[in-house]
Amino acid sequence: MNRYFHKELEEIRSKLILIGEKASEAGRLAVEGFIESDLEKTQAAVKMDDEIDDLEVEIDRASVRYITLRSPVSSDVRLIFVAIKASHDLERAGDEAHSIAKKTRKILTSEGKAKNPVQIEKMSRLAFAMMRDAITSFLDEDLELAKGIIERDKEVDRLNKENYTTLYKEMKLESSESSTHVETILISKSIERIADHAKNLAEEVIYLLTGE
């Protein structure tokens with residue numbers, strides 16, 4: 001049975017949904033800007049960073065206010081603790097989206113497009129699916145969904161290593177493209193970190209539901 005939410009908990013819940021949606025949207029726009037060489041999408045992703053930061057602050061404040069006013073029972077304290085950590089992970093995922101967008105903008109303004117997008121698109125699909133499911137596991141208190149996310153992180157890690165190996169080999173052969181390849185390696189790393197934040201959120205859900 002899903003947890004009963006007081007008015008304040010509903011507010012926190014709604015803001016968590018919103019920050020998750022915005023972080024995912026920023027990431028999607030940033031990656032699409034990279035894949036499609038679309039500077040407009042890249043700029044849109046950059047602009048979303050402040051909104052995501054503001055939502056994290058609002059969630060922190062609402063959480064502190066709830067604890068102060070309600071004197072919640074231990075189970076609700078654990079819920080608030082997880083909500084705060086979840087908002088931090090989602091904000092950091094938004095930071096990674098911002099980083100992807102800035103690096104993409106640098107590539108597009110200097111080279112016009114990425115020389116080799118490697119497995120960026122596939123990686124991003126996996127990472128953002130993990131993020132979406134992590135948020136769902138929190139909202140629905142779905143323990144099995146949360147556990148499955150942790151295993152899925154391994155594939156994102158594998159693709160990130162594959163991207164690095166491919167681009168590093170190309171850099172050694174064609175030094176003229178090394179700058180673009182370095183930015184692409186860093187974009188790949190940012191996507192890998194987004195998946196890590198999704199995994200962190202899943203682990204927090206497991207703690208919420210099991211105490212472990």
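Things to note:
- Shape parameters for the range 93-212, alpha-carbon atoms, Rg then Dmax in Å: 16.4, 53
- Accessible-area composition of the range 50-153, carbon plus sulfur, in percent [1.4 Å probe]: 48
- Over the C-alpha trace of the range 96-137, radius of gyration and Dmax come out as 13.1, 41 angstrom.
- Aspartates and glutamates whose Cα lies under 14 Å from that of residue 106, excluding same-chain neighbours fewer than 8 positions away: 38, 40, 177, 183
- Whole-number accessible area per residue in Å² for the range 55-212, which is evaluated in the context of all protein chains at 1.4 Å: 48
- Residues of the chain were split at every exposed loop site, defined as trypsin sites (Lys or Arg not before Pro) in a DSSP loop with at most 15 other C-beta atoms within 10 angstrom, and the longest piece left, sites excluded, is 4-112.
- Within the straight-line cut-off of under 13 Å between alpha carbons, the aspartates and glutamates reachable from residue 154 are 162, 192, 196, sequence neighbours fewer than 8 places apart in one chain being disregarded.
- The charge dipole of the chain, taken about its Cα centre with unit charges on the Cβ atoms of Lys, Arg (+1), Asp and Glu (-1) only, comes to about 320 debye.
- Distance between the pseudo-spin-label points of residue 106 and residue 158 (7 Å out from Cα toward the beta carbon): 3.0 nm.
- Compared with the alpha-carbon gap, the fully stretched path from residue 54 to residue 69 is longer by 3.2 nm at 0.36 nm per residue.
- Surrounding net charge for residue 144, when Lys and Arg each add one and Asp and Glu each subtract one, Cβ distance under 12 Å: -4
- Dipole axis of the chain (+1 Lys, Arg; -1 Asp, Glu on Cβ), positive-most option in 30, 164, 128: 164
- Among the listed pairs 7/103; 122/169; 102/199; 85/169, those with a Cα-Cα distance over 31 Å are 7/103; 85/169.
- Relative contact order (%) - the chain, alpha-carbon pairs under 8 angstrom, separation at least six: 27
- All-pairs Cα distance distribution in the range 1-106, expressed in whole percent, bin size 5 Å: 2, 14, 22, 18, 13, 11, 8, 6, 4, 2, 0
- In this rough spin-label picture, where each label sits 7 Å from Cα along the Cβ direction, the residue 139-residue 10 distance is 1.5 nm.
- Cα gyration tensor category, rounded, prolate or oblate, for the range 67-162 with a/c compared to 1.5: oblate
- Euclidean distance of C-alpha centroids, the range 93-107 and the range 176-212, integer Å: 13
- Using only alpha carbons, the range 49-94 has a radius of gyration to Kirkwood radius ratio (Rg to Rh) of 1.03.
- For semi-axes √(5λ) of the Cα gyration tensor in Å, calculated from these coordinates, the label among [x] 36, 18, 11; [y] 29, 19, 15; [z] 34, 18, 16: [x]
The values are calculated or read from the model by the stated rules, or taken from the named source; none is laboratory data. Treat the numbers as computed from the prediction; the structure is a model and nothing was measured. With ideal geometry, Cβ positions are generated from the backbone for all residues, glycine too; neighbour counts draw on all protein chains shown. Note: accessible area is taken over every heavy atom of the protein model, side chains too, but ligands, DNA and RNA are not part of it. Shrake-Rupley method; radii C 1.70, N 1.55, O 1.52, S 1.80 Å.
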